[in-house]
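Visitor: Below are the structure tokens for one structure; questions will follow.
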Amino acid sequence: MAENILTLCYLVASVTFILGLKMLSNPASARKGNLVAAAGMTIAIFGTIFLYEENGVKLGNYTWIFGGLIIGTIVGTLAAKKVKMTAMPEMVSLFNGMGGACAALISLVEFNHLAHEIQATGITAGHTGKILIIVLGLLIGSVSFSGSMIAWGKLNGKVKDFSFTGQNILNLLFLAIALGCATWLIIDPSQTYLLYVIFILSLLYGILFVLPIGGADMPVVISLLNSFTGVAAAFGGFLYDNKVMLTGGILVGAAGTLLTILMCKAMNRSLLNVLVGSFGGGSTAAASGSKDQGHYKEILVSDAAMLMSYANKVIIVPGYGLAVAQAQHACHELEKILNEKGVEVTYAIHPVAGRMPGHMNVLLAEADVPYEKLQEMEQANDEFKNTDVVLILGANDVVNPAAKNDPASPIYGMPILEVELAKTVIVNKRSMKPGYAGIENDLFFQPKTSMLFGDAKKVLQDLCAEVKAV
């Protein structure tokens, strides 16, 4: 009876995961989708704790189980409530790394159980499939964990890009040795020390795998590592013959893989190029910004307010600078004031704006910006030629015309928001410092572009006051 109820719990949880993921595809239903999936996970967790039996024996150690649940719930809740939107990418990376670590620990624990069974029975045959699953879960989970920790450090500025001659060769060597040890372990399970060699080599590979990748590619890396964690969790589902764990892992792995492919497409680069190209972290990017661009011109807040107040159409391009300044609410306020004056205001969102997939969408949703006003890149590019004013708030690389005009640029070929087609372009930045890719932006020096320097939140608040006064 208990087994049938548990199977039903797992079925319900699996369905909620699928429904939740579907609902996450639309910002209007995303919050509800998250809650639906979380409810399914809660059912699966408590169903396992109270209903799971093996050889007629239920789980024990309730003190340890609920102690871990309580501590994890408290830490997760506090972290989620305190995190700023600018720190959301590194939190995603950190939590993703914890998932990889969990998968790796499961493999270590289960192999120890299997080793004791082999030692007690003396039978090594018939375990090939299980050892293969354990080894793959350990390798992928360890890479996801250590790689995510480096990505977390890069995103919060504690870890710098680092590369050396022959690093890719060393990475491949570590991977080849780890795979060789895995093969040997499958052939001879009694060589238990090989599991720890694989574990250490996988951790080192994850570190060296992410270290040289430039900051501009971090959204792609986070998405890829997320897919790794999903695959590692799916191996855990195979290991325990747990349908809900398998379903969740496959969904995360598939979603992460698809998102990685879509983001590479948005940057017009192959995944291999992202992983070995060190975009945003190498000397090529720095050299690209060394040419003489000429002079830029500044604009006063009052003049910018006048231009927008008498415009028919304004498009706002949000970037990481908007997130840093926590200026999304002030931006929405400016939008509402302009709407009251009869100005049409929309937002243009680049697929890789910010430091994680969907960063700008989440940021604006937090300020209650209607989703209908968010235009994807293709739609926005069709609208710029009919736009009076484009207001760029902290975006840089995603509006750089060098991606179309400069074959020597490291971002050449990357689809961008073609803001230069508008009649007037106003760029809000703190300074003329290059963006995340580390290259100069040709847009800033074009005749129709004016620079509006200052903190995004303060500038937007001043613009609101000036537009009201017009």
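The values are calculated or read from the model by the stated rules, or taken from the named source; none is laboratory data. This one's a predicted model, so the numbers in the text were calculated from it and none came from an experiment. For the accessible areas, the whole protein counts, side chains as well, though only heavy atoms, and no ligand, DNA or RNA atoms are used. Shrake-Rupley method; radii C 1.70, N 1.55, O 1.52, S 1.80 Å.
Visitor: Relative contact order of the chain, please, whole-number percent, based on alpha carbon pairs below 8 angstrom and at least 6 residues apart.
Guide: Once divided by the residue count of the chain, the mean separation gives 14 percent.
Visitor: Can you work out ³J(HN,Hα) from phi for every residue in region 411-419, in order, using Karplus 6.51 cos²θ - 1.76 cosθ + 1.60 and θ = phi - 60°, giving whole Hz and x for Gly and Pro?
Guide: In residue order, the calculated couplings are 9, 4, x, 6, x, 10, 7, 7, 5 Hz.
Visitor: Amide H neighbours of residue 316 under 5 Å, at least 5 residues apart or on other chains, H built in the peptide plane: list them.
Guide: 346, 347, 348, 391
Visitor: Using each residue's phi in region 138-145, evaluate 6.51 cos²θ - 1.76 cosθ + 1.60 at θ = phi - 60° and report the 3J(HN,Hα) Karplus result to the nearest Hz, with x for Gly and Pro.
Guide: 5, 5, 5, x, 5, 4, 4, 5
Visitor: Further question: How many angstrom lie between the C-alpha centres of region 232-259 and region 166-230?
Guide: The two parts, judged by their Cα centres, are 19 Å apart.
Visitor: Find the accessible area per residue for the chain; the probe is 1.4 Å, ligands and nucleic acids are left out, and the unit is Å².
Guide: Per-residue accessible area for the chain comes out at 48 Å².
Visitor: Tell me, what is the 1.4 Å probe accessible area of residue 218, in Å² to the nearest 10?
Guide: Accessible surface of residue 218 is approximately 0 Å².
Visitor: Something else now. Between their Cα atoms, which of 32/81; 373/433; 313/433; 265/448 are more than 20 Å away from each other?
Guide: Too far apart for the 20 Å limit: 373/433; 313/433; 265/448.
Visitor: While we're looking at this one, here's another question. Compute the relative contact order of region 153-275 as a whole-number percentage, counting only Cα pairs closer than 8 Å that sit 6 or more residues apart in sequence.
Guide: Across region 153-275, relative contact order equals 21 percent.
Visitor: Right, something else. On a 1.4 Å probe surface of the protein chains, which of 347, 320, 10, 240 comes out largest in accessible area, and what is the full order?
Guide: From most accessible down to least: 240, 320, 10, 347.
Visitor: Still on this structure, please answer the following. To the nearest 10 Å², what's residue 175's accessible area with a 1.4 Å probe?
Guide: Approximately 50 Å² of residue 175 is accessible to the 1.4 Å probe.
Visitor: What are the ³J(HN,Hα) values, in whole Hz, obtained from phi via the Karplus relation 6.51 cos²θ - 1.76 cosθ + 1.60 with θ = phi - 60°, for each residue of region 379-385 in sequence order, with x given for Gly and Pro?
Guide: Values, residue by residue: 5, 5, 4, 6, 8, 4, 5 Hz.
Visitor: Further question on the same structure: Counting only the heavy atoms of the protein chains, how much of residue 154 is accessible to a 1.4 Å probe, in Å² to the nearest 10?
Guide: It works out to around 20 Å².
Visitor: Share of region 400-462's accessible area from carbon and sulfur, percent, 1.4 Å?
Guide: After summing per-atom areas, the C and S share lands at 53 percent.
Visitor: Rounded, prolate or oblate: which fits region 365-470 when a ≥ b ≥ c are the square roots of the eigenvalues of the alpha-carbon gyration tensor, with rounded for a/c under 1.5 and prolate only if a/b beats b/c?
Guide: Prolate, because a/c is 1.5 or more and a/b exceeds b/c.
Visitor: Taking all protein chains together and a probe of 1.4 Å, list 98, 149 from the most accessible to the least accessible.
Guide: 98, 149
Visitor: Which aspartates and glutamates have a Cα lying under 14 Å from the Cα of residue 385, excluding residues fewer than 8 positions away in the same chain?
Guide: Counting by Cα, and skipping residues close in sequence, residue 385 has these aspartates and glutamates nearby: 418, 420.
Visitor: Distance between Cα centroids, region 14-92 to region 372-404: provide it in whole Å.
Guide: 37 Å
Visitor: If 184, 64 are ordered by their accessible area, calculated over protein heavy atoms with a 1.4 Å probe, which sequence runs from highest to lowest?
Guide: Result, largest first: 64, 184.
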